[in-house]
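The values are calculated or read from the model by the stated rules, or taken from the named source; none is laboratory data. Not measured: the values here are computed from a predicted model. Cβ atoms come from the backbone with ideal geometry, glycine included; neighbour counts cover every protein chain shown. Quick note on the areas: whole protein, heavy atoms, side chains included, nothing else; ligands and nucleic acids left out. Shrake-Rupley method; radii C 1.70, N 1.55, O 1.52, S 1.80 Å.
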Amino acid sequence: MSNVNELTEEQLYQRYEQLKAQLERYKSENMTLDMSRGKPSPDQLSLSEEMLALLTADELITDDGLDTRNYGQLDGIPEAKSWFASILEVAPSQVIVGGNSSLSTMHDTVARGLLKGVEEEAKPWSSYPSIKFLCPSPGYDRHFAICEFLGIDMIPVDMTNEGPNMDQVEALVLEDETIKGIWCVPKYSNPEGVTYSEAVVKRLASMKTKATDFRIFWDNAYVIHHLTDTPDSLVSILEEAKKAGYPNRPYVFSSTSKVTFPGAGISAFVSSPDNIAFTKKQLSFQTIGADKINQLRHIRFFEKIGGVEELMKKHAAIIKPKFDLVIDTLQQKLGNKNIATWTEPNGGYFISVNTENGCAARVVALCKEVGLTLTGAGATYPYGKDPLDRNIRIAPSFPTLEELQKAMNVFCDCIELAAIEGKVEKSKA
Ligand code: PMP
């Protein structure tokens, strides 16, 4: 079957009937498949099982004699600070090691900005009638949810294949003092798998902003999550911002959620010396310190297996065939039909698919009817509103290859049905 736009009316109807019948067959199979969230599969979780049995009671002391069982060390144990420092290419003194979730650190960082401001002399963001964040879209739904929850207005900015559209970003931040932040997933972005180019990083770091307390929320969640032997490389936002005279602009976040155990890993907040000092002072009111036993357990595990790179290679060996299956199936089933485009990332957890305009919500609903749950249409845009109703995020990590093949067959047929349905309705009108 070729380009859907070139089918005769008769061919279109024929294909429409075929696809409807196919959907009925899928329905009769009573499937329950889920590709909605980027969760590691059980065999990926097993890769870190050994960590659980690593520390006996007399191994709970850090190299410099700190007893991880007790209170203390607000910014984390030195081993964990050094580990994140090496992954994120900064000095250990620039790292605060947190608890099990970088997302909660991001939430709290925004909340503190609202309540207290981001530096000693800055006004709390909540003292403005309203403030705004720029949201490169498609992007990560939970970033947008933080803004929505905390009452921060969101301005969508287009994503390009090298990061946010910087002409849009620069024009906006230059004019509006109430634009206080931008969300960025700079490496293997969620959902498109884009790594920001050097030019984009430099422009973000050096652009003129009307707000003197503007912050870049640099969520480097997928910094070591490569799928190939030729990983993307990302320029350091902290270095570039320092060079440009805005050392305090970037807040960097990361975690081991998709390295060891999501929800039971360790996270990091990384920034300039001034921001770290300011944040530590604020954090001291919230906590005496995060779970140091888990920090030490992680470090000893990485040491034992010869470095985290080995673990990430094993993850890639499990995930890469799933990415390949998704991309091959899209290519085989939709490749020449001119009704969808998709990304082919070098890392991360997602593939982003664009249907024809106006079809994404329908595709998600059709898939749901036959038992396949996808991330909601629109979820990748602020307020859940995809202006073109075309973007769908595919999360291929959790299902088995067999389940994934079934899911992708359903998905591709639903994309085609949604596209053809529209054309059939038009030709009837
Ligand atoms: N940031 C991004 C871009 C993510 O995709 C995810 C997980 N889906 C997170 C953060 C969540 O991180 P954590 O588990 O450390 O809260």
*How many residues are out of contact with any strand residue (DSSP E or B) (no Cβ under 9 Å at 6 or more places or on another chain) and either closer than 24 Å to CYS184 by Cβ or assigned to a loop (DSSP other than H, G, I, E, B) (or both) if we restrict to the range 263-286?*
10
*asked:* Can you tell me which of (1) open to solvent by less than 20 Å² (accessible area, probe 1.4 Å); (2) under 16 Å from VAL110 (Cα atoms); (3) more than 16 Å from the ligand (Cβ to nearest atom); (4) of a type outside the set (D, E, K, R) is the one ASN248 doesn't meet?
replied: (1)
*Kindly provide the set of residues from the range 362-389 that are out of contact with any Gly (no Cβ under 7 Å at 6 or more places or on another chain), surrounded by 17 or more Cβ atoms within 10 Å (Cβ to Cβ) and under 11 Å from ALA418 (Cα atoms), ordered by number.*
ARG362, VAL363, LEU366, CYS367
*asked:* So PHE301 ticks every box in (1) open to solvent by less than 10 Å² (accessible area, probe 1.4 Å); (2) under 20 Å from the mean Cα position of the chain (by Cα) but one. Which box is left unticked?
replied: (2)
_Checking SER271 against (1) away from the ligand (no atom under 16 Å from the Cβ); (2) among the polar types (S, T, N, Q); (3) closer than 17 Å to LEU66 by Cβ: exactly one of these is not met. Which one?_
(3)
_For the range 370-429, give me the residue count where each residue is modelled with pLDDT of 95 or more, closer than 28 Å to GLU6 by Cβ and among the polar types (S, T, N, Q)._
2
*Scan the range 54-77 and give yes if some residue there is in a helix (DSSP H, G or I) and surrounded by 12 or more Cβ atoms within 10 Å (Cβ to Cβ), otherwise no.*
no
*Listed residues GLY306, GLY263; which is within 16 Å of the ligand (Cβ to nearest atom), open to solvent by 30 Å² or more (accessible area, probe 1.4 Å), more than 30 Å from ALA419 (Cβ to Cβ) and out of contact with any Asp or Glu (no Cβ under 6 Å at 6 or more places or on another chain)?*
GLY263
*Of the residues ASP167, ASP141, which single one is under 29 Å from GLY117 (Cβ atoms), acidic (Asp, Glu) and modelled with pLDDT of 95 or more?*
ASP141
*Can you tell me which residues in the range 96-149 are assigned to a helix (DSSP H, G or I), open to solvent by 50 Å² or more (accessible area, probe 1.4 Å) and either more than 16 Å from the ligand (Cβ to nearest atom) or charged (D, E, K, R) (or both)?*
LEU115, LYS116, SER126, SER127, ARG142, GLU148
*Tell me which residues, restricted to the range 167-185, are aliphatic (A, V, I, L, M), more than 13 Å from the ligand (Cβ to nearest atom) and buried (at least 20 other Cβ atoms within 10 Å of the Cβ).*
VAL169, VAL173, ILE179, ILE182
*Is it the case that GLU24 is among the charged types (D, E, K, R), open to solvent by 70 Å² or more (accessible area, probe 1.4 Å) and assigned to a helix (DSSP H, G or I)?*
yes
*What do you reckon, is ASN354 touching a Pro at 6+ places or on another chain (Cβ under 6 Å) and not basic (Lys, Arg)?*
no
*So ALA85 fits all but one of (1) open to solvent by less than 30 Å² (accessible area, probe 1.4 Å); (2) modelled with pLDDT of 95 or more; (3) more than 22 Å from the chain's Cα centre (by Cα); (4) more than 16 Å from the ligand (Cβ to nearest atom); what number is the exception?*
(3)
*asked:* Among the residues that make up the range 391-399, is at least one of them among the charged types (D, E, K, R) and within 21 Å of THR329 (Cα to Cα)?
replied: yes
*For the range 191-223, which residues satisfy the criterion of being within 16 Å of the ligand (Cβ to nearest atom) and either at pLDDT below 95 or not polar (S, T, N, Q) (or both)?*
PRO191, GLU192, GLY193, VAL194, TYR196, ILE216, PHE217, TRP218, ASP219, ALA221, TYR222, VAL223
_Going by what's in this entry, would ARG393 be described as among the basic types (Lys, Arg) and open to solvent by 30 Å² or more (accessible area, probe 1.4 Å)?_
no
_Of the conditions (1) at pLDDT 90 or above; (2) open to solvent by less than 80 Å² (accessible area, probe 1.4 Å); (3) of a type in the set (D, E, K, R); (4) in a loop (DSSP other than H, G, I, E, B), ARG37 satisfies every one except a single condition; which number is it?_
(1)
